[in-house]
Structures are given as C-alpha cells and as structure tokens.
There are 2 protein chains.
Amino acid sequence: MVVYAGQGDPRRSIELLWRAGAVPERRPGPRPALSVDAIVDAGIAVADEAGMAALSMRAVGERLGRTAMALYTYVPGKNELVDLMYDRAMAELPTSYDLGDGWRAAATAWANAMWEFYGRHPWVLQVSQARPVLGPHEFAVIESLAAVVVTTGLPARRLRGIVGAINYFVRGAAQALAEARAARTATGEGDEEWWYARSAVLLEVEPDLARRFPVLHLLEGDREPVDPELPYLENDAVENFRGGLEVLLDGVAAAVARR
Amino acid sequence: MVVYAGQGDPRRSIELLWRAGAVPERRPGPRPALSVDAIVDAGIAVADEAGMAALSMRAVGERLGRTAMALYTYVPGKNELVDLMYDRAMAELPTSYDLGDGWRAAATAWANAMWEFYGRHPWVLQVSQARPVLGPHEFAVIESLAAVVVTTGLPARRLRGIVGAINYFVRGAAQALAEARAARTATGEGDEEWWYARSAVLLEVEPDLARRFPVLHLLEGDREPVDPELPYLENDAVENFRGGLEVLLDGVAAAVARR
DNA sequence: GAGGTTACTTTACGCTGTAAGGAGTTGCAA
DNA sequence: TTGCAACTCCTTACAGCGTAAAGTAACCTC
C-alpha cells in the first residue's frame, strides 16, 4: 500500500505545512487538549513502530486517548496528515553540509544522511513521490543538496537534472534496503532462509533461469560483503547504493571537468 | 495510496507469475469461464482507465461480469493480482536493444522505452518497489538493461550499481511526470493555472521563499521548453529526465574510460 | 446414476475514512 | 449576569474495502 498524498484543498494543506507551531490565539470554546504537532508526532510514532499499513485515523487517535474523529478538528483528513508527517520527519535532517572537502564529499554526506533517514523512517518511502514538493523541510532537504551541487559551477539546467538524479537514486536504493529488512522481520525467518526459500521456488518453477537471463546471472558473481555483520540482502543494498552513487558522482565530475 | 505487493504465499505467487498461459488440464467441475490471464487483463484495464485507487476486486469482477469473490478461484488475493498485473504490463517492453551504436545509445533507448511505458501505465509507479523482483517480464526488463551495460566491460560490482542507478532514476523521473499529469487531470484546471494557484498560496504563506531557499530559487532560472506543445510541469519533468540521464551515463562513461 | 470436485454466488465480518449531528466548555457582548 | 456563538470532542452511521464461510449448480470420473 502506497499512500497518495497532496490531494486535498491546497490552501489548507500549505497553511498547515508552513504555519506549524504558530501561536494559537485564544478563542471561544473549550481549550484544545491536542495540537497539530501532537497529532503529527503520534502519527509518526505509529508509522515508525507498526508501518504505514497500520497508520489509521483510529490508531493515531487511540494513541492520544481520543477518537478518530477528534483529529478532524485539527487536520482536514488522512492525506494531509501524511503530508505533515512526511515534512515533519524531514526536519531531523541537516540543512547544510560542510563543503570544506569539496562538493563530492558533501554530496556523499547528503546521500548518506538520506540513506540513514530512510532507514529510520522506512514508511516515508511509501508516501508517493508522484506529487509536488511543498513542505518547508522538504524544501530544505532539496535546498541542502542544491547548495552542494551548485558549487560545481555548472549551469542551472544541468544542476536540476543532477539534483533530481541523486534524489531519485538515493530513494530508490533505500527502497531496496527497506524491502530487505521487511523480508527479514515480516516472515520471522532469518534473512538467508527467506532468500533461499524464494530462490529455491524460483529455480524449481524455472530451472533454466540462468540460461534465460544470462547477464543477470553473470552479475550475481563477484560479491564481497561490505559489512560481514549485515545480512546478505542488506549487504547487497548497501553495496548497490555506494556503487551507484560513485557512478552518479563520476558523471557530475565529468560534467565539471568538461566545463 | 501505494499498493504493497509481494506479501502472500511466495510459492503460489511465483507459480502464478511464471506459469502464466500454461495449459489448463481438464478437471471435474464446471468449465472455468475466466482465467488468470483474463483477470489480469481486466485489472490492467481498470488501472489504466481509472487509476490504482479505483482498482478493487469488485471493480475487476464487475468488468468480467462476475462478483469479486469469483476472482479468488484463480488468484489468491489482491496483492498477488497486483503482482501479476505489474509483471504482465512489463511484457510489452522490448527484451533487447540494438547495440550497433554503442552502449550509450542502447542505454538511452532503454530509458526512453521505460519512460514511455510509465507514461502509458502510471499505476505501475504506485506498486511499491520495496519488494523483490520476481516475475519473468520484470526479470527480462532488468536483463535487457544489464545486457546493454555489460558491454562496457566493467566489473560485476560496478555493473550492479549502474543498473540500479539507471533503473531507480528513470522510475523517479517518471513519477515526476505522473504527478504533473495527475495535477492536470485531477483538478480539471489547466496545468498552468494549477501551478500558479499552488505557488501563489505558497508565496502568500511564506513571502520570503526566495530568500529562505536561495539555491532552489536560482535553479528555477534558465528554462527553455523542450517541447512547446507540452504543458509547463511536464516540460520540466522531461527536461530533468533527459538531463539527469546524461549525467548518469557520463558517469558510466567515466568509469569505462578509467578502466 | 452416484459421488466428488470445481466455479461461482450470497452473505457476513471487521476494517477503513469521514459525514452528520449532538453534548459540553469557553470567551465575549449585551 | 446572561445569552450566544464558537469551539472541542463524542457517538452514530455509511459506503466502501478485502476476504472468510457456506451454499448452489455444473461437470468429470467411476
């Protein structure tokens, strides 16, 4: 299940996203016991602990000792809540990176920070990216990357492509890691058993796998664990992340050298 | 909403994925009027026409003149149906690319084919990628890319990163396009009005936007429409796709040159 | 023809997001 | 001080979801 965000009334959504923590002026009626912030925090807590599939208005309400409907006083609906959770989670990311060792080191630091962030909040990867970037922290995250790559001196057109490529790549690679971890915890089996079970069935159903997909078979070879502590699939994900990032940044370096 | 696939009984799922179109042996009981293939086709039709959110077992059943429960005779559940739809849709992609003009041209052709594919079936982008690759056509798609980049002669470790990076990037860029199109059709407004409405609210709520995010503001400049026929946001997505792909392939070229 | 197997239907359950309306609390104006 | 409007939060309700369970009718094999 992917949660499609950014659908509601845009004015209301944007105001909520950018006015977070604004002073609530005293108004008639009972004193509000909750707040948008508290609800967003509870939502993040639910998603962190039980995953995006477990995030329901009832679950969030229950965590706050309220009913689901109580949330609607603060938040227009679930889509908007997810938007707010998404943006708020990104608040924990750095807003700038040290450029002392050059753009490449800084870009790598950005990618690593994102990688670890997605590892802490894998539910973020289930918020559909097919939507506009709108929250302040989301802006800040992209700005922090843009501020790094702009020091290459490349023209704006190139830079937009580069920012997009790095962003998409890190997100995609992080999804592979999330899957590897989900496989481990969901099935209860150890990581390797799970993998072998899958591939065993695959080989049973299609014994000619290696012949049908020779290049993929070839690429399976030559593996060395990046970190022997990590289970097999996760090691894979880390290796692909690091390797892919190197290639990507090589491309940026090539563009810089050509300038 | 993102549909999380690949959760059910792995044996059953894999058999369905790889045994598609197998001869159904005659057995007691009424002659089956449906088939897995027919159900998957109906599912794809529903998703193509009305989007992933409209894909329900009842909707698919109705399209076939059956109830929702009739589908469960053929398919274990909705997750598995989505898996099958995902893999079947990919059957329409080429399984190999002409290497006559070198790996770079072929890799670009692969990316373009994927780009157009995602444009035809945007619901595919809502199938969570955080899951194992398992279907034959999904395999074939990755194999076709791997077969291209393997001709660079780079070692397997590098190649895995490259295949991942290209794949993630194209998918991410395609999501931006899907969002741009969804914005246009969902709101009913023309594309530009929609965009201006959003950014107007944004500027109203945060007038200092340009000062808070100076680099992003800077990057907004220097735009030339790739195709003046296309609406603003979609032009943007195309430009970022092409530009990002160039950078990525530059990185591959750099690795090749260094070899 | 009997019996077992299968395709498909109906019904039902628990879950979801959220609309509608009501109860009770509070600030402000008369 | 009283009334009213605004407000928070609750209960109830509804339509939709995936799918479990049980029933009916069609068909093959013996």
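The values are calculated or read from the model by the stated rules, or taken from the named source; none is laboratory data. If you're wondering where the values come from, they're calculated on a predicted model, not measured in any experiment. Cβ sites come from the backbone with ideal geometry, for glycine too, and all protein chains shown count toward neighbours.
Residue-wise test of (1) at the interface with another protein chain (Cβ under 8 Å from one of its Cβ atoms); (2) over 22 Å from the mean Cα position of the chain (by Cα); (3) at positive phi; (4) modelled with pLDDT of 90 or more.
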residue: B:Glu193; (1), (2), (3), (4): no, yes, no, no
residue: B:Ser199; (1), (2), (3), (4): no, yes, no, no
residue: B:Val205; (1), (2), (3), (4): yes, yes, no, no
residue: B:Leu218; (1), (2), (3), (4): yes, yes, no, yes
residue: B:Asp222; (1), (2), (3), (4): yes, yes, yes, no
residue: B:Ala237; (1), (2), (3), (4): no, no, no, no
residue: B:Gly243; (1), (2), (3), (4): yes, no, no, yes
residue: B:Val252; (1), (2), (3), (4): yes, yes, no, yes
residue: B:Ala257; (1), (2), (3), (4): no, yes, no, yes
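Can you tell me which residue in the range B:34-55 is surrounded by the most Cβ atoms within 10 Å (Cβ to Cβ), limited to those that are small (Gly, Ala, Ser) and touching a Lys or Arg at 6+ places or on another chain (Cβ under 8 Å)? Spell out how you get there, then give the answer.
Looking only at the range B:34-55, we keep the residues that are small (Gly, Ala, Ser), and these are B:35, B:38, B:42-43, B:45, B:47, B:50-51, B:53-54.
Still in the running and touching a Lys or Arg at 6+ places or on another chain (Cβ under 8 Å): B:42, B:45.
On the way: B:Ala42: 21, B:Ala45: 15.
Taking the candidates together, the pick is B:Ala42.
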Just the residues that are in contact with a Pro (Cβ under 9 Å, 6 or more places away or on another chain) and at pLDDT below 95, please, taken from the range A:133-162.
A:Leu134
Where residues in the range A:163-177 are touching a Pro at 6+ places or on another chain (Cβ under 9 Å) and more than 7 Å from chain B (Cβ to nearest Cβ), which of them is modelled with the lowest pLDDT?
A:Leu177
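Would you check which residues across the range B:226-241 are in contact (Cβ under 8 Å) with a residue 40 or more places away in the chain and part of a helix (DSSP H, G or I) and list them? First the steps, then the outcome.
Applying the first criterion (in contact (Cβ under 8 Å) with a residue 40 or more places away in the chain) to the range B:226-241 yields B:231-234, B:236-238, B:240-241.
Of everything in the range B:226-241, those that are in contact (Cβ under 8 Å) with a residue 40 or more places away in the chain and part of a helix (DSSP H, G or I) turn out to be B:Tyr232, B:Leu233, B:Glu234, B:Asp236, B:Ala237, B:Val238, B:Asn240, B:Phe241.
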For the range A:16-60, give me each residue that is part of a loop (DSSP other than H, G, I, E, B), over 30 Å from B:Asp208 (Cβ atoms) and at pLDDT below 95.
A:Pro28, A:Gly29, A:Pro30, A:Arg31, A:Ala33, A:Gly51
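With the condition kept exactly as written, say whether any residue in the range A:103-123 is small (Gly, Ala, Ser) and part of a loop (DSSP other than H, G, I, E, B).
Step one: filter the range A:103-123 for residues small (Gly, Ala, Ser), giving A:105-107, A:109, A:111, A:113, A:119.
Still in the list and also part of a loop (DSSP other than H, G, I, E, B): none.
No: zero hits.
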Pairs needed: first member in the range A:18-36, more than 14 Å from every other protein chain (Cβ to nearest Cβ); second member anywhere, at pLDDT below 80 and near DNA strand D (Cβ under 9 Å from one of its atoms); C-beta distance under 8 Å; at least 6 residues apart or different chains.
A:Pro32/A:Pro24; A:Ser35/A:Pro24
On the basis of being within 16 Å of DNA strand D (Cβ to nearest atom), among the basic types (Lys, Arg) and more than 22 Å from A:Thr152 (Cβ to Cβ), does A:Arg88 make the cut?
no
Checking the structure you have, find out if any residue of the range B:38-48 is within 14 Å of another protein chain (Cβ to nearest Cβ), of a type in the set (A, V, I, L, M, F, W, C) and more than 13 Å from DNA strand C (Cβ to nearest atom).
yes
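If we scan the range B:61-68, do we find a residue that is free of Cβ contacts under 8 Å to residues at least 12 places away in the same chain, part of a helix (DSSP H, G or I) and crowded, with 16+ Cβ neighbours inside 10 Å? Lay out the reasoning, then the answer.
First, the residues of the range B:61-68 that are free of Cβ contacts under 8 Å to residues at least 12 places away in the same chain: B:61-62, B:65, B:67.
Pick out the ones that are also part of a helix (DSSP H, G or I) and you get B:61-62.
Checking the rest, the ones that are also crowded, with 16+ Cβ neighbours inside 10 Å come to B:61.
Looking through the range B:61-68, at least one residue is free of Cβ contacts under 8 Å to residues at least 12 places away in the same chain, part of a helix (DSSP H, G or I) and crowded, with 16+ Cβ neighbours inside 10 Å.
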If I ask for residues that are in a helix (DSSP H, G or I), within 15 Å of DNA strand C (Cβ to nearest atom), touching a residue at least 40 places away in the same chain (Cβ under 8 Å) and surrounded by fewer than 17 Cβ atoms within 10 Å (Cβ to Cβ), which ones from the range A:69-98 would you list?
A:Thr73
